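Encoded as structure tokens, the structure appears first; notes follow it.
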Amino acid sequence: MFVRQGTGGYGTDHFYILSTKKLQQIIKKNYGAFLQRNNGKRPRNPKTTHIALRDTDLFAYKDKWSVLC
């Protein structure tokens, strides 16, 4: 489960339900695309492993509570 905290108070959080394997696939795809756009290395700090996910990356898994059953 991946949770994005909402900024509007109670009830504004977003829940994305997906397997660890699927999350790893999304991260690998995004990270590979990022490196491809930047000549194969991170432009600011080549040693970092930081990755950011956007809501659009996870949208297909929003509120997929059936995965837990």
**OP:** Kindly indicate the residue of the stretch 4-18 that is touching a helix residue (DSSP H, G or I) at 6+ places or on another chain (Cβ under 9 Å) and in a loop (DSSP other than H, G, I, E, B) and also most open to solvent (accessible area, probe 1.4 Å) among those meeting that condition.
**Re:** 18
Subject >> The one condition in (1) of a type in the set (Phe, Trp, Tyr); (2) part of a strand (DSSP E or B); (3) open to solvent by 70 Å² or more (accessible area, probe 1.4 Å) that residue 59 fails to fulfil >> reply: (2)
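Here's the yes/no breakdown for (1) surrounded by 12 or more Cβ atoms within 10 Å (Cβ to Cβ); (2) under 11 Å from the mean Cα position of the chain (by Cα); (3) in contact (Cβ under 8 Å) with a residue 60 or more places away in the chain:
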| position | (1), (2), (3) |
| --- | --- |
| 2 | yes, yes, no |
| 28 | no, yes, no |
| 36 | no, no, no |
| 40 | no, no, no |
| 65 | no, no, no |
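The values are calculated or read from the model by the stated rules, or taken from the named source; none is laboratory data. Since the model is a prediction, treat every value here as computed from it, not as a measurement. Every residue, glycine among them, receives a Cβ derived from its backbone with ideal geometry; neighbour counts consider all protein chains shown. Accessible surface is based on the protein model in full, side chains and every heavy atom, while ligands, DNA and RNA are left aside. Shrake-Rupley method; radii C 1.70, N 1.55, O 1.52, S 1.80 Å.
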